[in-house]
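See structure below.
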Amino acid sequence: MAGLGAWVPAAIWHSGKLRARQTAEIFLALNPFAEFKMVRGLGPDDPPDLMLGALSGETRDLVLVGHLPYLEALRRRLSAIDSPFPLHGLVLVEYGADGWQEWLALSGDL
């Protein structure tokens, strides 16, 4: 994986809620040509299986912008980390030979 400073998302997916779209728009500065769309499966009460299915076979670098408690449940399914999702934060995960691995968790309080 490239350093975070050199990281460029190919796609930015967000829930249909206004606040998620506004947050997702910030990531367009990293790649104004990224696919930018609302996707089903990022809402606060959506089951993580919806997004797990969408991620299956996906090879692009993605930004997923959603809500709590959903993001915490998705994180638990991807990385098996059972700690609270950082409030107003982000988590970086990568899929490799050993499955999903968490590389970074940042709180929005920084």
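Annotations
- Count - residues of the stretch 1-19 that are under 19 Å from Glu58 (Cβ atoms) and modelled with pLDDT of 85 or more: 8
- The residues in the stretch 41-58 that are part of a helix (DSSP H, G or I) and of a type in the set (D, E, K, R) can be counted, and the count is 1.
- Going through (1) among the polar types (S, T, N, Q); (2) surrounded by fewer than 18 Cβ atoms within 10 Å (Cβ to Cβ); (3) at pLDDT 90 or above one by one, Ser56 falls short only on (3).
Here is a yes/no grid of residues against (1) among the charged types (D, E, K, R); (2) touching a helix residue (DSSP H, G or I) at 6+ places or on another chain (Cβ under 6 Å); (3) closer than 19 Å to Gly16 by Cβ:
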{"position": "Asp49", "(1), (2), (3)": "yes, no, yes"}
{"position": "Glu58", "(1), (2), (3)": "yes, no, no"}
{"position": "Pro69", "(1), (2), (3)": "no, no, yes"}
{"position": "Ala80", "(1), (2), (3)": "no, no, no"}
{"position": "Val93", "(1), (2), (3)": "no, yes, no"}
{"position": "Gly99", "(1), (2), (3)": "no, no, no"}
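- Note on the stretch 59-68: residues that are over 9 Å from the mean Cα position of the chain (by Cα) and either surrounded by 16 or more Cβ atoms within 10 Å (Cβ to Cβ) or of a type in the set (A, V, I, L, M, F, W, C) (or both) total 3.
- Contact annotation: residue pairs with Cβ atoms under 9 Å, 6 or more positions apart or on different chains, pairing a residue in the stretch 89-110 that is modelled with pLDDT of 85 or more and among the β-branched types (Val, Ile, Thr) with a partner that is surrounded by 13 or more Cβ atoms within 10 Å (Cβ to Cβ) and assigned to a strand (DSSP E or B), are Val91/Glu102; Val91/Ala105; Val91/Leu106; Val93/Trp100; Val93/Gln101; Val93/Glu102.
- Residues located in the stretch 13-27, provided they are surrounded by 13 or more Cβ atoms within 10 Å (Cβ to Cβ) and either more than 14 Å from the chain's Cα centre (by Cα) or part of a helix (DSSP H, G or I) (or both): Lys17, Ala20, Arg21, Thr23, Ala24, Glu25, Phe27
- The number of residues in the stretch 26-46 that are among the acidic types (Asp, Glu) and either touching a Ser or Thr at 6+ places or on another chain (Cβ under 8 Å) or at pLDDT below 95 (or both) comes to 2.
- Residue count for the stretch 69-110 satisfying the condition of being exposed (fewer than 13 other Cβ atoms within 10 Å of the Cβ), among the aliphatic types (A, V, I, L, M) and over 22 Å from Leu28 (Cα atoms): 2.
The values are calculated or read from the model by the stated rules, or taken from the named source; none is laboratory data. Every value quoted in this text rests on a predicted model; they were computed, and no experiment measured them. Counting neighbours? That spans all protein chains shown, and the Cβs are built from the backbone with ideal geometry, glycine included.
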